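Down below is the structure, laid out as structure tokens.
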Amino acid sequence: MLSPGRHPRNRPRPRGRSLRTSLVVFMSTVLVLVCGAMAAATATVQRDLLMDDLDERVTDAAEHSQYALDKYAGGSRNLGFLQIRGQTVGTLAARLDAAGEVVAAAVITGDGHPRHLSAAQCTALADIPADGKPRTRTIPGLGDYRLTKLTDGRVPVLAGLPTSGVQRMTRTLMAVEAAIALVGLTVAGAVCAVVVRRKLRPLGRVAATAVEATRVPLDRGEITGLHRVSAEDTDPGTEAGQVGIALNRLIDHVEKSLTERQLTEERMRRFLADASHELRTPLASIAGYAQLMAGGTKQITPELAWERIIAQSARMTGLVDDLFLLAHLDEGRPLDMAEVNIATLVAESVWDARAADDDRQWRVFLRLDASVSVPGDQARLQQVLANLLGNARVHTPAGTNITVTAQTTPTDCVIRVHDDGPGIPPKLLSQVFERFTRADASRSRPADGNGGAGLGLAIAAAITRAHGGRLEARSAPGDTEFTVLLPLSPAEL
């Protein structure tokens, strides 16, 4: 048996990758992809900006060199303009002839002096277009250069700057971004793991509650106090809370169903015991009279014995018929439905009861239109009224006033059977429609022992429910009333 409020100790052991691990891996992967994309985009943009700046400086260097050559031409192979103040280390410049061929080229070395290029290095400069746009070329021994050619001056010139600075800065930037991304991913992964762990903790408790519920032996014993998900884990604003609410509802339904099953089994056991008792009484009587007849005793005549055997057989047959009818109604078998006139139904039922017993005062009040009808089974509805009237006749003394009233409401036809007899004991009133229920001595079966088995009101209630209505009872000394409510036919609404 589980005690409410006790927290589950045994938590389920996940197999394979848990949800928490999967979420952490997924979020880390997303962060890695995002950081990688951001780093690549930043490096690309930064490199493009640096290359644009380098192109501007290359163009400035070419224009500066051409200006110096136009002003100080010198010999055809003179590269003295490279020694003008302000030239950057690594600056490359070349003089071209009228055909655009390189006649002389040099580069500023680390000591600030120009050094002439070799023939192989000059060859790498030969195919630069004369459109003024910078181009990238790899010069043997010098590396990658950004070069441009200007031919609109008196002396054509070619100038360039190394791209090593841009490449070095790009690599440095990427290394810094990678380090920052690694640190950021480490911190973000740790934070994600903590956050995911905390957010999934309620789901773990919900799962533990479900696991504990599965260990309860639901197939036997009394089921009470099933553990529920705590209030802190049933927040409807979270997914885990919604799961907790759904699990609590499921456990409530299971517990209610099991309770109803136990009550049903208990009622079934009581029903079988009562039915066996009711059947055993007439069978014992039949067996006793048969033995008397077989023994040839003179204490009773054969005619009287046969009369009692037939009476007890009829009583047993009636009980079996009642049980058979209740079984059919419980199974929901269809009734023989037709339009039943309420005025005719009530009048005929009261006439039959008056014919069977004129020691009581029978009265009828029909407060409805004579054409009012309900959809139903004529014979079964007549049985309902017969059982109610018979119950009033059997359990009230002679001279009792029994009144039957019929009227309509906007949705129902209401039939009331009222008597001013001794009433139903309060402790019995709540069970009056249960099977094999009998009153105490004041409303017991007749002294001859041939009364009913306590099924009349149960049958009346079952038939009323089968017609979509309900049967109600209230009682006090001198004021007992049974009320039958039947839904009106669609034409009467």
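With the checklist (1) free of Cβ contacts under 8 Å to residues at least 60 places away in the same chain; (2) surrounded by fewer than 16 Cβ atoms within 10 Å (Cβ to Cβ) in hand, flag the one item residue 178 doesn't pass.
(1)
What residue, of 173, 200, is assigned by TED's automatic domain parsing to the domain that holds residue 41, surrounded by 12 or more Cβ atoms within 10 Å (Cβ to Cβ) and at pLDDT below 80? Explain how you work it out, then say what you get.
Details: 173 fails: at pLDDT below 80.
Among 173, 200, only 200 is assigned by TED's automatic domain parsing to the domain that holds residue 41, surrounded by 12 or more Cβ atoms within 10 Å (Cβ to Cβ) and at pLDDT below 80.
Tell me whether the range 147-166 contains one or more residues that are at pLDDT 80 or above, under 60 Å from the mean Cα position of the chain (by Cα), in the same structural domain as residue 63 (by TED's automatic domain parsing) and not basic (Lys, Arg). Talk me through it step by step, then tell me what you get.
Applying the first criterion (at pLDDT 80 or above) to the range 147-166 yields 147-150, 156-166.
If we keep only those that are under 60 Å from the mean Cα position of the chain (by Cα) too, we end up with 166.
Those still in the list that are in the same structural domain as residue 63 (by TED's automatic domain parsing) too: 166.
Narrowing further to those that are not basic (Lys, Arg): 166.
Looking for residues that are at pLDDT 80 or above, under 60 Å from the mean Cα position of the chain (by Cα), in the same structural domain as residue 63 (by TED's automatic domain parsing) and not basic (Lys, Arg), one finds at least one in the range 147-166, hence yes.
Any chance you could count how many residues in the range 205-220 are over 25 Å from the mean Cα position of the chain (by Cα) and assigned to a helix (DSSP H, G or I)?
The number of residues fulfilling the criteria is 0.
Checking the condition free of Cβ contacts under 8 Å to residues at least 12 places away in the same chain, at negative phi and touching an Asp or Glu at 6+ places or on another chain (Cβ under 9 Å), which residue from 167, 242 passes? Lay out the reasoning, then the answer.
Values: 167 fails: free of Cβ contacts under 8 Å to residues at least 12 places away in the same chain.
After applying the criteria, what remains is 242.
Conditions tested, residue by residue: (1) at pLDDT 80 or above; (2) surrounded by 11 or more Cβ atoms within 10 Å (Cβ to Cβ).
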residue: 6; (1), (2): no, no
residue: 23; (1), (2): no, yes
residue: 27; (1), (2): no, yes
residue: 54; (1), (2): yes, yes
residue: 87; (1), (2): no, yes
residue: 91; (1), (2): yes, yes
residue: 108; (1), (2): yes, yes
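Those residues that are over 21 Å from residue 49 (Cβ atoms) and of a type in the set (Val, Ile, Thr), I need them from the range 163-216; list them, please.
Once the filter is applied, which keeps residues that are over 21 Å from residue 49 (Cβ atoms) and of a type in the set (Val, Ile, Thr), the range 163-216 yields 183, 186, 187, 191, 194, 195, 196, 206, 209, 211, 214, 216.
Would you call residue 353 touching a Lys or Arg at 6+ places or on another chain (Cβ under 7 Å), surrounded by 14 or more Cβ atoms within 10 Å (Cβ to Cβ), part of a helix (DSSP H, G or I) and in the same structural domain as residue 456 (by TED's automatic domain parsing)?
So residue 353 passes the test.
The conditions are (1) in contact with a Phe, Trp or Tyr (Cβ under 9 Å, 6 or more places away or on another chain); (2) not in a helix (DSSP H, G or I), and residue 275 fails exactly one of them. Which is it?
So the condition that residue 275 fails would be (2).
The values are calculated or read from the model by the stated rules, or taken from the named source; none is laboratory data. Every value quoted in this text rests on a predicted model; they were computed, and no experiment measured them. Positions of Cβ are backbone-derived with ideal geometry, glycine not excepted, and every protein chain shown enters the neighbour counts.
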